[in-house]
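Remarks on the structure that follows.
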């Protein structure tokens, strides 16, 4: 029996741009928190949907630990890849962890594995392990992720309040009914009624854009299947199998990440997400003053270094935001090298030192003049707070490097600046700009809604002479209100950091 009622019917047909917009709209940390709220709303009702599908068609095959670890890590520890015209060995690690009670609380005891053999030989002496690999023997923060190996879900059926009591086979078939995919493995933990399951995927690198996609899918899996939402972060520690491990799908059949994008089609999730987003947008104050921007929760969080990882991205993004406001570099540098430097090296939050040379490198790039302003997508992703404003340096908007402004807008803005208080018909304006009238109409309409552009229609008697166009600019910066989330800006910042050699940090 195919389960189609859980969280609403799936779309009858797959619309590519609808899927893309659903993913793009939730890639920031803010939207991840909205997904958590949806998870909390649906979890109490999830048993009602799942208890009607106990028709296991496949029995799990019990496998040994060695087979499990071989399938999960695929001996992906020393990988030779071409890099700068040479064959370079990239090292990936797995961390085994246990916690030892002390007077001051639990102390972490860690064993770092640089080979599959070490994982197999030592896993039995530890409690937790990293299912996704890292590029550092010391750290397992998100920015250290090197290989995303598969989705792992944690089902704590006795403690999540759902009163579910499944066998591994029943759980596997519930998953299959919902996803049309079996998990590769389900294993029992030390706690009765607690299971963890893994879907192997074709391995992805640990670039930020893949981590965001990975976590967005994992969170939707958690909503749909009723697993622990807190266990959906990419660098999560999971329980090392201590009991039975069951295989349901051959480890030679790895799933593609695209196999899980159908989760973005779930209409009930999308509808609720859109409703929550709309409610938040209704509460936004649209007033483009410098003080209101600086006092927004998102910018305050950046200034206080209230982020989980990616201090280099946060430093660059905040510095670029200050640049867009027209701040002097010396003033910004003084803040970063003193106040922010101390916050970024808080040992209770960060394991690695963030150096002053790395700060100077970020500031140099942000004030290089190559970028118009900070990406709202990265501000939201780094802080988890909404920031529905695109802020860019007014004197720089026409150069159109970092902010996503079309060539048409650039021409229009340049023309308005060069021809203030000029009355012109749209026909003549299209000829001056050498563009189609439909394109001009669309962009003028959008820019008026965004608060960038004013249009004053001029008449002589009943005869319409044309319009006067003016820009809503501050003396140093311009702000556009935008509530759409564009994931291309996330990729763009990764490219900037890589090109400017700033991606070596924290």
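Readers should treat all values here as calculations from the given coordinates under stated rules, not as data from a laboratory. Treat the numbers as computed from the prediction; the structure is a model and nothing was measured. Positions of Cβ are backbone-derived with ideal geometry, glycine not excepted, and every protein chain shown enters the neighbour counts.
Computed on segment 168-285, the Cα convex hull volume stands at 139 Å³ per residue. When each of 457, 112 is scored by the number of other beta-carbon atoms lying within 10 Å, the sequence from fewest to most is 457, 112.
Between residue 36 and residue 442, the simple spin-label model (points 7 angstrom out along Cα→Cβ) gives 3.8 nm. Highest mean first, the peptides 340-350, 302-312 sorted by other C-beta atoms within 10 Å per residue fall in the order 302-312, 340-350.
Which whole-number percent gives the relative contact order of segment 26-275, counting Cα pairs below 8 Å spaced six or more residues apart?
On the way: 440 pairs, mean separation 62.4, N = 250.
So the answer I get is 25 percent.
Of the peptides 134-145, 221-232, the ranking by mean beta-carbon count within 10 Å, highest at the top, reads 221-232, 134-145.
May I ask you to work out the translational diffusion coefficient for segment 243-387 at 25 °C, viscosity 0.890 mPa s, via Stokes-Einstein with Rh from the Kirkwood sum over Cα pairs, reported in whole µm²/s?
Details: Rh = 18.2 Å.
D, rounded to a whole number, is 135 µm²/s.
Relative to the 2.2 N^0.38 Å rule of thumb, segment 26-275 has a C-alpha radius of gyration ratio of 1.01. If you take the Cα centroid of segment 329-355 and the Cα centroid of segment 178-231, the two points sit 35 Å apart.
Under the definition of Cα pairs under 8 Å and six or more residues apart, what whole-number percent is the relative contact order of segment 66-152?
Relative contact order, segment 66-152: 28 percent.
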